[in-house]
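Following: one structure in structure tokens, then a few remarks.
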Amino acid sequence: MYSGNSLISIGLVFFPALLNISLLIYLFAKFPRNATINIFALFLIAMIFWQVEEVILRFELNIEEVRRVDQILSIGWMAVGPLFFHFTVLYTRVEFVRSRYFYFLTYGAYLFFYISYHSNPVPTEFIYQEFWGYFPSVREASLDLGHRVWIAAMVFLGIIFMYRYASRKDLEQIYRNQAKMILIGISLPAVFGVYSHILLPMLSMPDIPLTATLMTAIPIVTIISLSRYNLFNYFENLIVEDLLVKLDVIIILINSSYQIIYMNPLAKRLFGREGDHLNFFSINTILHRKPGESEEKGPSLAELLPFQQNIKGLRLDFLSNKEEIVPVLLSTQVIKNNFYSNHTMLLGYDLSEINRYEEELRVFNEKYNLLLKATNEAVFDVDAKTGLLNWGGGYQAFFGHFPANLPRTVEEFCHKIHKDDLERFQSIVSRMEKREKNVLNLEYRLQSHGGGYLYVLQRSYVVFDPTGNPIRIVGALKDVTQEKEHLRELTRKNEKLKEIAWIQSHEVRRPLSNILGLIDMLCMDSRISEKEKKVLFDALKKSGVELDRIIHRIVEKSTNLKGE
């Protein structure tokens with residue numbers, strides 16, 4: 001049976017362990033995975049291992065069982081220091097957390113002390129007290145005390161970073177409050193841990209195994225920070241690297257020497273050089289130079305982008321890793337890390353595709369304008385709901401070169417249609433809007449900027465929405481005045497030709513028939529007297545004169561027609 005003191009002792013670490021487990025489950029259930037939250041979760045797991053070990057060691061065990069438990073669960077209290085330090089540099093965004101040296105110094109030392117602790121030929125020594133149960137002591141001629149000093153150094157180094165972060169004046173108050181709460185939570189167990197696990201052993205006195213219990217302050221302040229100060233805010237802890245992969249934006253981070261210290265995947269794909277490690281090559285090496293310019297003689301980014309200035313909308317040409325020019329629309333944002341060393345983030349949009357589309361649009365517009373000039377047509381677009389009229393080009397031939405003369409609505413346009421054609425025009429447009437027809441080819445007279453009327457041919461197409469209501473009418477106007485006049489002229493000439501044909505077929509035939517009849521009479525009757533012959537010859541002469549007159553008329557009309 002356990003005494004009341006033993007149960008109290010067990011409760012001092014059992015309930016903190018339950019609190020940490022609950023907090024761990026809450027973090028996994030409610031927050032996204034990212035480096036900061038993951039390391040904090042590992043820090044909680046390390047505390048849980050430590051507290052579970054102390055719970056077990058406060059039961060009535062023999063020394064061999066105690067050592068087996070310590071071999072399994074000691075990983076917890078050994079990892080508390082490096083994990084807290086790692087969490088701190090991530091939370092405060094210290095730059096060298098990306099360096100491989102950080103991981104080597106932090107977790108390399110952890111691995112060294114872990115191996116030395118368990119490979120020591122001298123078994124781990126434990127002290128037993130009735131209230132506290134078993135707890136480890138420092139072995140002579142071992143690295144145990146140095147191990148404890150290293151753990152404390154990790155914790156206090158993290159406290160220093162957190163304190164500097166909380167003291168920054170450029171931070172919003174809510175972030176400073178978060179950092180202060182973390183400082184409060186870690187400071188009490190850290191100070192007591194130095195006293196209990198370093199100073200007392202140095203004085204040859206036993207530890208006071210209360211540090212794991214005091215670590216309860218950490219989950220308590222974490223819960224307060226979550227509820228009051230929005231610690232681990234969801235939107236601030238999205239998986240940044242995933243976002244950078246998906247964003248179609250060039251992101252480059254440079255230091256005060258204009259060296260690249262970070263590129264997102266798109267920037268690496270465009271500008272990354274084989275053999276260049278991610279960081280620390282000059283951004284001037286990827287600036288495009290004009291022919292004859294070298295990197296030494298050409299303008300540098302320092303001249304184009306003055307440091308510590310936020311700039312928007314600067315267009316620069318860069319040189320890709322395929323030796324291709326990449327036009328980039330660039331903006332810069334000055335940022336500061338926790339050591340107050342200024343850095344600049346470059347945000348850029350690759351304009352290559354946009355430039356290609358602009359060139360295609362330019363060529364298309366050029367062809368379109370040439371087509372308008374060739375066809376002498378005015379293109380228009382009508383909003384069927386508002387009646388607003390937009391002109392695309394070619395309207396000068398109809399309404400002059402002043403945009404103020406342009407009809408801007410259907411109503412204004414109708415005022416320029418000849419009154420004899422207006423009713424027919426409105427009737428056909430109405431039929432189009434009722435979907436009786438969606439293609440219009442209509443000819444009417446339209447008043448020009450000079451006051452006269454032009455004959456125009458309108459070709460239009462109606463666009464309907466899914467419900468069948470007209471939404472747009474697009475089309476073109478063509479000046480057919482010359483064609484109409486030419487047609488009129490052809491009609492007039494055709495009438496003259498018909499008149500000539502009638503003369504040839506009717507009037508020429510009469511005198512010609514008379515002549516032929518008189519000749520037949522002279523040839524067939526030999527008994528005709530001289531007097532009768534004279535009468536016949538006079539008639540013959542008269543018919544010849546009439547035929548000559550008719551032929552002259554035909555020649556005259558033909559000559560006039562040819563001259564026209």
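Put PHE413, PHE112, PHE192, PHE59 in order of accessible area, largest first, 1.4 Å probe: what do you get?
Largest accessible area first, the residues go PHE112, PHE59, PHE192, PHE413.
What whole number of Å gives the distance from the Cα centroid of the range 248-264 to the Cα centroid of the range 438-474?
Distance between centres, Cα-based: 56 Å.
Report relative contact order for the range 81-160 in percent, whole number only (criteria: Cα-Cα under 8 Å, sequence separation at least 6).
Values: 56 pairs, mean separation 34.6, N = 80.
Normalised by residue count, the contact order of the range 81-160 is 43 percent.
For the range 26-103, what is the accessible area per residue in Å², given a 1.4 Å probe and the full set of protein chains? All intermediate terms of the calculation are to be shown ahead of the outcome.
Working: 3450 Å² over 78 residues.
In whole numbers, the range 26-103 has 44 Å² accessible per residue.
May I ask you to order 197-207, 132-142 by the average number of other C-beta atoms within 10 Å around their residues, highest value first?
Numbers: 197-207: 13.9, 132-142: 17.5.
Highest to lowest by the protection proxy: 132-142, 197-207.
Take the cross-link list LYS416/LYS484; LYS367/LYS416; LYS268/LYS312; LYS385/LYS478; LYS434/LYS478; LYS416/LYS478 and give me the ones stretching past 27 Å between alpha-carbons.
LYS367/LYS416
Can you bin the range 1-145 into rounded, prolate or oblate? Criterion: square roots of the alpha carbon gyration tensor eigenvalues sorted a ≥ b ≥ c, rounded for a/c under 1.5, prolate for a/b above b/c, oblate for the rest.
On the way: a/c = 3.06, a/b = 1.35, b/c = 2.27.
Since a/c reaches 1.5 but b/c is at least a/b, the shape of the range 1-145 is classed as oblate.
The values are calculated or read from the model by the stated rules, or taken from the named source; none is laboratory data. No experiment lies behind these values; they were computed from the predicted model shown. Heads up, the Cβs are rebuilt from the backbone with ideal geometry, glycines too, and the neighbour counts pull from every protein chain shown. Just so you know, the surface numbers come from the protein's heavy atoms only, side chains and all, with ligands and any DNA or RNA stripped out. Shrake-Rupley method; radii C 1.70, N 1.55, O 1.52, S 1.80 Å.
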